[in-house]
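The values are calculated or read from the model by the stated rules, or taken from the named source; none is laboratory data. Bear in mind the structure is a predicted one, so any value in this text is a computation, not a measurement. With ideal geometry, Cβ positions are generated from the backbone for all residues, glycine too; neighbour counts draw on all protein chains shown. Surface accessibility is based on the protein's heavy atoms, side chains included, excluding ligands, DNA and RNA. Shrake-Rupley method; radii C 1.70, N 1.55, O 1.52, S 1.80 Å.
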Amino acid sequence: MALFDDVFNKASIYEMLFFNVKTVLIHPTLNDLEANNKPLFERWKYLSKEKYADADITQATYEKNAPYYAEFSKIVAITYATLYSESGSLKRYFKKIVNVDEFIVIEQFFDVLHQLSSDGVKSQPQYFPMLCGHNIISSDIPILIKRFLVYKDKFDSNKKIPLILKRSLSAKPWESGIIDVVNVWKFNGYDNMPLMLIADYLGLKKTIDLLPLDELSKYYWDNINDKPEETLEYISLQSATQTNLVIQLMNELRQL
């Protein structure tokens, strides 16, 4: 019930932090994976055989499925946005973070989350912005935490997992402050609908179609060496488009 109390509340949208995380494979080929991380290569061989029935351990199976594991992926882009009202119109503060260096991307976004966590504690101990996005419970939040673990020694000793993320893991589901539109669009049903299907169904505005993670990863590795700026811009546009579609969807629902 609490989820839809926030979804259908016209004012709640101004208390949300919309965000999206885009990832690609850390190592584009099985040869690269084997050369750079033998234990993970051996683990992929096991997964490939047992889960994907790929006895030959093919590159195609790796490219198609490994991008959906945080353990084989790196964060390339994050977009986030907050909303405010100006003269009765909905306005957006939109920010993109994109870099080939994953640590930079995580560090900059965690700085934002730490600031929000700090502001929340100072103003109202129990208040933080609600986190909103598509598939953030199953994908974005776990990826952020898992990839942070890789770099935790590079962060300042006082910078750990932001409280706003810790709360999302430790609070009761109805108190977690997370609005995942995967769950919203179910309307207590069962099917998980792709965001592109929701967008086309409602006629939401978009600049480009969203690519599945495996296609996005392939695009990145096919182009990053020859066209780095163009490639990063495209990845960030994918992320921004997803964030923008979620904002539009939540704006539609809050008016019901």
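Here are the numbers:
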| quantity | calculated |
| --- | --- |
| In degrees, nearest ten, helix 38-50 long axis to first principal axis of the chain (Cα) | 80 |
| 0 to 90° range, to nearest 10: angle between helix 213-223 axis and the chain longest Cα axis | 60 |
| Per residue, in Å², the accessible surface of region 8-93 once ligands and nucleic acids are set aside, probe 1.4 Å | 50 |
| Sparsely packed trypsin sites (Lys or Arg not before Pro) within region 38-120, loop by DSSP, other Cβ within 10 Å at most 11 | LYS51 |
| Alpha carbon Rg of the chain, scaled by the compact-globule rule 2.2 N^0.38 Å | 1.05 |
| Cα-based Rg / Dmax (Å) for region 62-121 | 15.8, 51 |
| Trypsin sites (Lys or Arg not before Pro) restricted to DSSP loop in region 165-232 with at most 16 other C-beta within 10 Å | LYS205, LYS206 |
| Accessible area of region 100-256 divided out per residue, in Å², using a probe of 1.4 angstrom | 53 |
| Rounded to 5, percent antiparallel among DSSP beta bridges of the chain | 75 |
| With every protein chain in place, the chain: carbon and sulfur % of accessible area (1.4 Å) | 50 |
| Label point at PHE155 placed 7 Å out along Cα→Cβ; residues across region 66-88 whose backbone nitrogen lies under 16 Å | 75 |
| Approximate shape of region 28-143 as ellipsoid semi-axes (Cα gyration tensor, √5λ), whole Å, largest first | 38, 15, 14 |
| Distance between region 185-256 and region 131-149 - C-alpha centres, whole angstrom | 16 |
